[in-house]
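Laboratory data are not the source of any read-out in this text; all were calculated from the coordinates shown. All of these numbers come straight from a predicted model, not from anything done at the bench. Positions of Cβ are generated from backbone atoms using ideal geometry, with glycine treated the same way; all protein chains shown enter the neighbour counts.
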Amino acid sequence: MLLLALDTATPAVTVALHDGTDVIASSSQVDSRRHGELLLPAVDRLLAEAGRALDAVTAIVVGVGPGPYTGLRVGLMTADTFGLALGVPVHGLCTLDGLAYASDLEGPFVVATDARRKEVYWARYDDSRTRVTEPAVDRPADIADRVAGLPAVGAGALLYPDTFPHVHEPEHVSAAALASLAAERLAAGADLPAPRPLYLRRPDAQVPKNYKVVTPK
């Protein structure tokens, strides 16, 4: 087994390789404006570092968000392209689940990433492997009662200390955590979700309401 994992749902452009037993190589760069520029070179470097060829990859896992439209689609389209070219399955995993898994927290806690517009993408967990709410996007003040007293993980939590006063690492998701979680679930015979994006809201770029269509005569 050689699992290629990647995620571009947050400012982190992150890639990892997992051989079914352990992560054998990983890379993460935080740059919210260069997902498309950084992702493929990161994959090339990772394969070279591990001494593996791309055609040795037997499965792909990609973070499906939630995240902003522009960044999220880079990872999803790249994963789909690799899957088609190699003829291997492509699995999705919630990006928040990767953060929860990497935290290794045992009690109830919250994962929150930056959704911009003074909002966070968030979900609640019973432990590092068990999410108990669906991912959502909200203003921190609007969920303060629901997350009161709970530890929090993620860059979104760091931005709003009034709502999330007790923040734990990691700040950003890592493909290494996604790969390890996916390998663990696949080994247990679990079905992983399809690689479908969790946008949770409309993209920022939209057709103007009064847009006038001009057709040739």
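Our coupling estimate for segment 191-200, obtained by passing each phi through the Karplus curve with A = 6.51, B = -1.76, C = 1.60 and θ = phi - 60°, is 8, 8, x, 5, x, 10, x, 9, 7, 6 Hz, Gly and Pro reported as x. Peptides 60-69, 167-176 ranked from most to least packed give 60-69, 167-176, packing being the mean of other C-beta atoms within 10 angstrom over each peptide's residues. Sparse packing (at most 14 other Cβ atoms within 10 Å of the Cβ) combined with a DSSP loop state is found for the following trypsin sites (Lys or Arg not before Pro) in segment 103-182: Arg117, Lys118, Arg129. Once semi-axes √(5λ) of the Cα gyration tensor in Å is calculated for the structure shown, the corresponding label among (1) 27, 26, 15; (2) 25, 20, 16; (3) 33, 19, 16 turns out to be (1). Against the empirical curve 2.2 N^0.38 Å, the C-alpha radius of gyration of segment 52-119 lands at a ratio of 1.35. The H on the amide N of Ser32, modeled in the peptide plane, is under 5 Å from the matching H of no residue at least 5 residues off or on a different chain. Helical runs assigned H by DSSP (4 residues or longer) give the chain a calculated mean residue ellipticity at 222 nm of -9000 deg cm²/dmol, each run adding -39500 (n - 2.57) before division by the residue total. Here's how it looks for Val153: its modeled amide H is under 5 Å from those of Val110, Val111, Ala112, His168, which are all 5 or more places away or on a different chain. Computed from backbone phi, the HN-Hα couplings of segment 118-135 come to 6, 10, 10, 8, 8, 7, 9, 10, 7, 7, 5, 10, 10, 8, 10, 10, 6, x Hz, rounded to whole numbers (Karplus: 6.51 cos²θ - 1.76 cosθ + 1.60, θ = phi - 60°; Gly and Pro given as x). Put simply, the amide H of Ile24, placed in the peptide plane, has neighbours under 5 Å in Leu17, His18, Asp19, leaving out anything fewer than 5 places away on its chain.
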